[in-house]
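*Asks:* My questions will all concern the structure given below.
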Amino acid sequence: MRKLAILGATGSIGTQALDVAARHSDRFAVTAIAAHSSAEKLFEQVRAFRPQIAALTVEPEEIPADVKNACQWIFGPDALLRVVRACDADDVLVSVVGIAGLSAVMESLRCGKRVLLANKEPLVAGGELVTRAAQAAGQPLLPVDSEHSAIFQCMQGAGPNRPKRLILTASGGPFRTWAKEDILCATKEQALKHPNWSMGRKITVDSASMLNKALEVIEARWLFDMPAEQIDVLIHPQSVIHSMVEFEDGAVMAQLGTPDMRLPILYAMSWPERLETGGARLDFSQMKALTFEQPDPSRFPGLGLAYEALRVGGTMSAILNGANEVAVDAFLHDRIHFGHIAQLVEETMHAVAPVYHATLDQVFESDLAARAKAQELLGTSRFAV
Ligand code: NAD
Ligand code: MG
C-alpha cells in the first residue's frame, strides 16, 4: 500500500489520478489533497477519499461541517509546502500548474518523499536544482507528462545503453494546418479546443502555440540528462506514439497507446509494475495511417525558443517560462492576440539577463524579473489588440 499526496487534486491530472487511485484502492491510499481555490470540488474529494489532510491556498468562506471535521485543514499561500511537511505520504504527485509547484517539489525531495511530476514548469524553471535534489535524495523523478513517461518506459529495458536521440512527438494542436495569418489572430475558443487531449486551460493554450513542446524539450533535457541537440520534436497528429528513443545502433523504441493520461499517471504511481487503467485499448485493425511531419518554425516560433534558452543556459529557461505564464494569462484575459504569445516570450528573453549557477531564490528572482518585464512589454503599442 503506497500513501499518496496529490497537489492540484481538483485539476485535469489530479482528478484522473484520483480515478486510478480509486480503481486500485487496495494499492493506493490518498493521504493528502491540495488545490488552489476550487473548494466545492475539493469538498467532494474529501468526502469520497477521506484523506488525513486537505488544503486550499485560498481559504473558502464556509466549509460544510461534515468535511470540516473529516480531516486536518491547511489554508494559505504556503499551503502546498505545509501539506508536504505534514503528510506521511510516500509519494507526492505534483499536478498544480505553473512555477507554483517548484517549492513543493524541492520540499518533497528534501523530506525524502518520491515525486511524481506532472507539473512541468518547475523542471523548466529550476531543472538543474530539481534534478540535483532528486539525486541527493536518492529518489527517481517519475515523469507523468505523456512524452516523458513514454521515454522513461522505453528506457526501462535499455540497461547501461544511453540514448542517442530522444524524439518527442507532438499532436501539432488545433492550428497544425492553419495559415500563419489565421494563427496570429486565433481566438480563445479556438485555442482551447485541443484535437486529442482534454486538459487544463494553460497547457491547452501552450499546446496550441507549441510552447508546450518547448517546455517539454527543456523538461526532457533535465529528466534524461540529454543535450538539446539530441532532442528532436516530430509532429504526429494521431497521438498514438507518445514519444521515442533512438539508440546507438539505430534501433528506435516507442511507446504507443490511446491518448489517455491515466496510463502515464498510473505508471508513475505503480512503477515498475503495470496496472489496469480502465482506459480504451489500441485497436490496430481500426487504425488508419500514422503520419509524421516536421514542425514549422515560421508558424510556431515558440518551439525554437526552448533551444535558444538551453543554449544561453543559466536561468534563461525560467525567464522563458515566467514570460509564457504571463503571456498565456494575458491571452486568456483578451489582452493580447494569440500571435503575441511567442513574441512576448521572445522579447522578454532578449530583455532579461539570466543568472548562472543560480540558487532556488535566484530562480524565483529570474521568474519575477521575467514577469515584470513581460507586463511592461504588454503595455507597449506592439502588443495592443
Ligand atoms: P488544471 O488547471 O486542470 O489543474 C491545476 C490544479 O492545480 C488544480 O487543482 C488547481 O486548483 C491547482 N492549482 C493551480 N494553481 C495553484 C497554486 N498556485 N497553488 C496551488 N494549487 C494550484 O491543470 P492540469 O491540466 O491538470 O495540469 C497540471 C500540470 O500538469 C501542468 O503543469 C501541466 O503542464 C501538466 N500536464 C498536464 C497534462 C494534462 O493532460 N492535463 C498533461 C501533461 C502535463
Ligand atoms: Mg506532454
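The values are calculated or read from the model by the stated rules, or taken from the named source; none is laboratory data. A quick note: this is a predicted structure, and the numbers were derived from the prediction, not measured. Counting neighbours? That spans all protein chains shown, and the Cβs are built from the backbone with ideal geometry, glycine included. Areas reflect the complete protein model, heavy atoms only, side chains present, ligands, DNA and RNA absent. Shrake-Rupley method; radii C 1.70, N 1.55, O 1.52, S 1.80 Å.
*Asks:* Could you tell me whether segment 37-55 includes any residue that is on the phi < 0 side of the Ramachandran plot, open to solvent by 70 Å² or more (accessible area, probe 1.4 Å), among the basic types (K, R) and assigned to a loop (DSSP other than H, G, I, E, B)?
*Replies:* no
*Asks:* Return the residues of segment 317-333 that are over 18 Å from the mean Cα position of the chain (by Cα) and either assigned to a helix (DSSP H, G or I) or not assigned by TED's automatic domain parsing to the domain that holds S207 (or both); say none if nothing qualifies. Walk me through how you get there before you give the answer.
*Replies:* Let us first name the residues in segment 317-333 that are over 18 Å from the mean Cα position of the chain (by Cα), namely 330-333.
Matches in segment 317-333: A330, F331, L332.
*Asks:* Same structure again: Evaluate the following for A186: is it part of a loop (DSSP other than H, G, I, E, B), of a type in the set (A, V, I, L, M, F, W, C) and touching a His at 6+ places or on another chain (Cβ under 9 Å)?
*Replies:* On the way: part of a loop (DSSP other than H, G, I, E, B): yes; of a type in the set (A, V, I, L, M, F, W, C): yes; touching a His at 6+ places or on another chain (Cβ under 9 Å): yes.
Answer is yes for this residue.
*Asks:* Any chance you could count how many residues in segment 291-305 are part of a helix (DSSP H, G or I) and either of a type in the set (G, A, S) or loosely packed, with under 14 Cβ neighbours inside 10 Å (or both)?
*Replies:* Residues of segment 291-305 part of a helix (DSSP H, G or I): 302-305.
Narrowing further to those that are either of a type in the set (G, A, S) or loosely packed, with under 14 Cβ neighbours inside 10 Å (or both): 302, 304.
Number satisfying all stated conditions: 2.
*Asks:* Report yes if some residue within segment 190-199 is more than 13 Å from ligand 2 (Cβ to nearest atom), surrounded by fewer than 21 Cβ atoms within 10 Å (Cβ to Cβ) and either in a strand (DSSP E or B) or at pLDDT 95 or above (or both); otherwise report no.
*Replies:* Yes; the residues of segment 190-199 include at least one that is more than 13 Å from ligand 2 (Cβ to nearest atom), surrounded by fewer than 21 Cβ atoms within 10 Å (Cβ to Cβ) and either in a strand (DSSP E or B) or at pLDDT 95 or above (or both).
*Asks:* Select, from P301, P264, P272, P259, the only residue that is more than 21 Å from A372 (Cβ to Cβ) and in the same structural domain as S207 (by TED's automatic domain parsing).
*Replies:* Numbers: P264 fails: in the same structural domain as S207 (by TED's automatic domain parsing); P272 fails: in the same structural domain as S207 (by TED's automatic domain parsing); P259 fails: in the same structural domain as S207 (by TED's automatic domain parsing).
It is P301.
*Asks:* For segment 193-205, which positions are within 7 Å of ligand 1 (Cβ to nearest atom) and either in contact with a strand residue (DSSP E or B) (Cβ under 9 Å, 6 or more places away or on another chain) or among the charged types (D, E, K, R) (or both)?
*Replies:* Once the filter is applied, which keeps residues that are within 7 Å of ligand 1 (Cβ to nearest atom) and either in contact with a strand residue (DSSP E or B) (Cβ under 9 Å, 6 or more places away or on another chain) or among the charged types (D, E, K, R) (or both), segment 193-205 yields R201, K202.
*Asks:* Kindly provide the set of residues from segment 334-356 that are touching a helix residue (DSSP H, G or I) at 6+ places or on another chain (Cβ under 9 Å) and assigned to a loop (DSSP other than H, G, I, E, B), ordered by number.
*Replies:* Within segment 334-356, the subset touching a helix residue (DSSP H, G or I) at 6+ places or on another chain (Cβ under 9 Å) is 334-349, 351-355.
Once the filter is applied, which keeps residues that are touching a helix residue (DSSP H, G or I) at 6+ places or on another chain (Cβ under 9 Å) and assigned to a loop (DSSP other than H, G, I, E, B), segment 334-356 yields D334, R335, I336, H337, F338, G339, V352, A353, P354, V355.
*Asks:* Continuing with this model, one more query. Got a sec? Which of K164, K202 is within 15 Å of ligand 2 (Cβ to nearest atom), among the basic types (K, R) and touching a Gly at 6+ places or on another chain (Cβ under 9 Å)? Quick ask: steps written out before the conclusion?
*Replies:* Details: K164 fails: within 15 Å of ligand 2 (Cβ to nearest atom).
After ruling out the rest, the residue left standing is K202.
*Asks:* Does S149 fit the bill of being over 18 Å from I203 (Cβ atoms) and outside the structural domain of R371 (by TED's automatic domain parsing)?
*Replies:* On the way: over 18 Å from I203 (Cβ atoms): no; outside the structural domain of R371 (by TED's automatic domain parsing): yes.
So S149 fails the test.
*Asks:* Of the residues that make up segment 315-328, is at least one surrounded by fewer than 19 Cβ atoms within 10 Å (Cβ to Cβ), more than 27 Å from H236 (Cβ to Cβ) and not hydroxyl-bearing (S, T, Y)? Lay out the reasoning, then the answer.
*Replies:* Looking only at segment 315-328, we keep the residues that are surrounded by fewer than 19 Cβ atoms within 10 Å (Cβ to Cβ), and these are none.
No - not one qualifying residue is present in segment 315-328.
*Asks:* Give, as residue ranges, the strands (runs of 3 or more DSSP E) completely inside segment 75-176 that count at least 2 residues that are open to solvent by 10 Å² or more (accessible area, probe 1.4 Å) and either at pLDDT below 95 or away from ligand 1 (no atom under 16 Å from the Cβ) (or both).
*Replies:* Numbers: elements: 91-94, 114-117, 141-143, 165-170.
By residue number, 165-170.
*Asks:* With open to solvent by 50 Å² or more (accessible area, probe 1.4 Å), under 14 Å from A369 (Cβ atoms) and assigned by TED's automatic domain parsing to the domain that holds L377 as the only criterion, which of H337, H350 stands out? It would help to see each step written out before you state the result.
*Replies:* Working: H337 fails: under 14 Å from A369 (Cβ atoms).
Result: H350 is the single residue among H337, H350 that is open to solvent by 50 Å² or more (accessible area, probe 1.4 Å), under 14 Å from A369 (Cβ atoms) and assigned by TED's automatic domain parsing to the domain that holds L377.
*Asks:* In addition: If the Cβ limit is 7 Å and pairs must be 6+ apart or interchain, which residue in segment 169-188 that is within 15 Å of L234 (Cα to Cα) pairs with which residue that is open to solvent by 10 Å² or more (accessible area, probe 1.4 Å) and of a type in the set (D, E)?
*Replies:* T169/E147
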